[in-house]
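For reference, the structure is listed below as structure tokens.
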Amino acid sequence: MTQVTHEMFGEIPGEGRVEKWILMSPNVTVEIINLGCIITSIKCKGKNGQVDDIVLGYDHLEGYVTDPRYFGAVVGRVANRIAGGRFVVEGRQYQLAINNGPNALHGGLKGFNKVLWGSEGVEGGVRLTHTSPDGDQGYPGEVQVLVTYILEGDTLTTQYQARSTRTTPINLTNHSYFNLAGQGSADIYDHEVSIFAQAYLPVDDTMIPTGEVRPVERTPFDLRRPVLIGSRLKDLPRPGFDHTFCLSSPGNPSVERPCARVCHPVSGRVLEVSTSQPGVQFYTANFLDGSLVGKGGASYRKHSAFCLETQNWPDAVNKTSFPDTLLRPGEEYRHVTRFTISTI
């Protein structure tokens with residue numbers, strides 16, 4: 001049985017109150033605020049019974065208001081990158097704000113991670129709602145979005161739903177940064193990762209997929225069997241993983257499936273992920289540099305966390321060979337992702 005409570009977390013002048021929702025099951029406690037649907041805390045036991053918070057974040061609201069790294073947030077309208085911030089829909093070209101080198105990233109200058117969502121308790125969780133107006137951040141159509149977090153036992157389920165008045169790209173994900181040793185731990189080198197994907201997407205120098213779908217076999221991206229993150233990072237030509245792993249092929253319906261497993265042998269914690277999305281972005285916090293001070297005064301450094309962002313393939317709106325990312329009037333965008341935490 002999950003206990004659901006809420007309390008005031010703070011107030012953003014001119015915008016409103018920020019509520020914190022607390023979902024508590026016998027083994028896991030999840031805290032969520034309605035600013036950006038942010039998961040601010042996931043507390044769970046290790047094999048020795050010690051309780052730790054396994055997601056990066058901040059002690060106070062101000063940290064989340066100014067946060068540049070999307071800690072714990074739902075990002076949208078379109079997660080990941082759009083090349084040049086440009087796309088064409090129904091014969092019309094749209095130009096978005098450029099906020100990541102030459103590209104648009106994670107919904108724009110004020111994406112879904114920086115807005116106050118409506119929130120209400122539901123059985124076992126919280127439902128959050130947001131209406132993105134036509135033209136928001138340059139995107140067409142008014143979009144109504146609903147995100148529901150449900151905690152059942154050791155599993156946190158996130159359900160994403162959306163409808164639009166005009167055809168628009170949409171790609172929602174959660175951007176939690178995990179460290180199974182506990183947030184504030186130095187790195188994730190002693191974590192073992194498995195990603196159940198036969199292929200991944202190579203990227204150019206600005207992290208835009210080239211369009212190739214490359215088999216993982218005989219590459220450092222073959223994570224189908226558990227590998228130690230620290231040793232595998234040494235095999236990469238880049239500073240770390242920031243790549244999409246392909247869970248389904250274009251044209252095939254997306255069905256929920258296990259996609260990843262991460263184990264931290266020292267604490268005994270295991271994180272398993274399943275999703276109905278066609279891809280998962282594995283990111284090893286390559287751009288954290290120690291300048292952000294998080295919970296408990298922790299300094300978050302490079303490779304101090306990992307993200308498993310379940311989503312559509314990046315820049316799909318500009319690549320007809322990728323899974324369709326357009327939401328049309330009368331259709332419903334609907335996906336689910338589950339995080340299950342256990343111990344070995």
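Overview of values
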{"item": "Range in the chain, longest, excluding exposed trypsin sites (Lys or Arg not before Pro) [loop by DSSP; at most 12 other beta-carbon atoms within 10 Å]", "result": "235-344"}
{"item": "Residues whose placed amide H lies under 5 Å from that of Val78, excluding near-sequence neighbours", "result": "Gly107, Asn171"}
{"item": "Under 25 Å from Lys234, Cα to Cα: lysines that are on another chain or at least 8 residues apart", "result": "Lys302"}
{"item": "Within a Gaussian network of the chain (alpha carbon springs, distance under 10 Å), most fluctuating of Leu236, Leu151, Leu96", "result": "Leu236"}
{"item": "Under-5 Å amide H pairs with Glu142, H placed in peptide plane, nonlocal only", "result": "Asp134, Thr165, Arg166"}
{"item": "Under 5 Å, built H, 5+ apart or other chain: amide partners of Glu152", "result": "Thr157"}
{"item": "Cα-based shape type of the stretch 139-185, given that a ≥ b ≥ c are square roots of the gyration tensor eigenvalues and the cut on a/c is 1.5", "result": "oblate"}
{"item": "Selection of GluC sites (Glu not before Pro), the stretch 290-339, meeting DSSP coil and at most 12 other Cβ within 10 Å", "result": "Glu331, Glu332"}
{"item": "Three-way shape label, the stretch 97-244, alpha-carbon gyration tensor, a/c 1.5", "result": "oblate"}
{"item": "Cα gyration tensor shape for the stretch 195-272, rounded if a/c is under 1.5, else prolate or oblate", "result": "oblate"}
{"item": "Sorted by Cβ neighbour density within 10 Å, fewest at the top, the residues Asp67, Asp242", "result": "Asp242, Asp67"}
{"item": "In range of the label at Lys234: residues from the stretch 256-280 whose backbone nitrogen is under 19 Å from the point 7 Å along Cα→Cβ", "result": "265"}
{"item": "Relative exposure of Ser304, Ser41, Ser342, judged by other C-beta atoms within 10 Å (fewest first)", "result": "Ser342, Ser41, Ser304"}
{"item": "Rounded Å value of the spacing that divides the Cα centres of the stretch 278-344 and the stretch 219-269", "result": "12 Å"}
{"item": "DSSP-loop chymotrypsin sites (Phe, Trp or Tyr not before Pro) across the stretch 236-344, with at most 16 other Cβ within 10 angstrom", "result": "Phe287"}
{"item": "Estimated 222 nm signal from helices in the chain, with DSSP H stretches of n ≥ 4 weighted -39500 (n - 2.57), rounded to 500", "result": "-500 deg cm²/dmol"}
{"item": "Residue among Pro209, Asn100, Gly135 farthest towards the positive dipole end of the stretch 74-217, charges placed on Cβ", "result": "Gly135"}
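Values in this text are rule-based calculations from the coordinates and carry no lab data. The structure displayed is predicted, hence computed values, not measured ones. Note that each Cβ is placed from the backbone with ideal geometry, even for glycine, and that neighbours are counted across all protein chains shown.
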